[in-house]
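Have a look at the structure below before the remarks.
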Amino acid sequence: MSEPLIGIVLGSKSDLPQIANARALLDDFFEVPYEVRIISAHRTPEEAHKYASTAKERGLKAIIAMAGMAAHLAGVMAGSAQVPVLGVPASGGALNGIDALLATSQMPGGVPVATFAIGKAGATNAALFACQMMALSDETMAEKVAAFRERQADAVRSADEEARNG
Ligand code: RP5
């Protein structure tokens with residue numbers, strides 16, 4: 001098995017269902033090696049630092065960090081990592097992800113976290129964004145990104161045709 005190029009880190013195993021579509025895309029369409037880890041900024045802070053600080057030397061091109069509630073995970077990763085961190089606020093909790101959205105996006109200047117939508121859509125887009133970043137220096141990946149967009153557009157056109165034909 002190839003070494004992972006993308007690290008997907010979740011704050012809890014309860015976040016796992018929210019990355020199902022992202023995983024399917026990476027597995028089946030983009031065929032990118034990735035790893036999934038459960039590491040908490042609060043519950044396992046030493047592991048969080050170790051994971052982020054060794055990401056570049058282990059060959060990761062990006063870290064996708066998803067966490068909910070007081071979501072410090074992406075910020076903690078960004079503080080120690082030398083690769084881009086894509087933050088995904090997990091849905092759930094009393095505020096259904098709004099808390100995580102603010103915690104993930106409102107980083108102070110100097111430590112960027114690219115923040116995506118709450119929940120499944122955000123995880124999907126973070127995975128696509130990681131592929132797009134890799135496509136800048138990988139022509140095969142660039143072709144897959146283009147093919148994905150075309151497939152998506154075709155699905156909308158088919159839906160449009162069905163709707164028009166009643
Ligand atoms: C966050 O707290 C996790 O990312 C999860 O979204 C939320 C709740 O975690 P559990 O109590 O379900 O483990 O750290």
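Quick note: the coordinates plus some simple rules give every number you see, no bench work behind them. Computed from a prediction, not measured in an experiment: that's the story for all the values here. No Cβ is skipped: glycine too gets one built from the backbone with ideal geometry, and neighbour counts run over all protein chains shown.
Below is a table of values for the structure above.
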read-out: Of every Cα-Cα pair in the chain, the percent that sits beyond 27 Å; value: 26 percent
read-out: Segment residue 13-residue 140, length gained on full extension (0.36 nm per residue, minus Cα span); value: 42.4 nm
read-out: Part-to-part distance (alpha-carbon centres) for the range 102-166 and the range 17-38, which is given in Å; value: 13 Å
read-out: GluC sites (Glu not before Pro) lying in DSSP loop within the range 1-62, provided at most 14 other Cβ fall within 10 Å; value: 31, 57
read-out: Linear extension gain, residue 2 paired with residue 58, 0.36 nm per residue minus alpha-carbon span; value: 19.0 nm
read-out: Placed amide H near residue 62: partners under 5 Å, 5+ positions off or other chain; value: 7
read-out: Length gained when the stretch residue 27-residue 117 is fully extended (0.36 nm per residue, less Cα-Cα span); value: 30.3 nm
read-out: Radius 15 Å from Cβ of residue 49, net charge of other residues (Lys, Arg +1; Asp, Glu -1); value: +2
read-out: Summed residue charge, Cβ within 14 Å of residue 20's Cβ, Lys/Arg positive, Asp/Glu negative; value: 0
read-out: Zone of residue 94's modelled label, taken as backbone nitrogen in the range 70-88 under 20 Å from a point 7 Å along Cα→Cβ; value: 70-73
read-out: Residues residue 44 and residue 147, FRET efficiency given R0 of 41 Å [Cβ-Cβ distance, rounded to 0.05]; value: 0.60
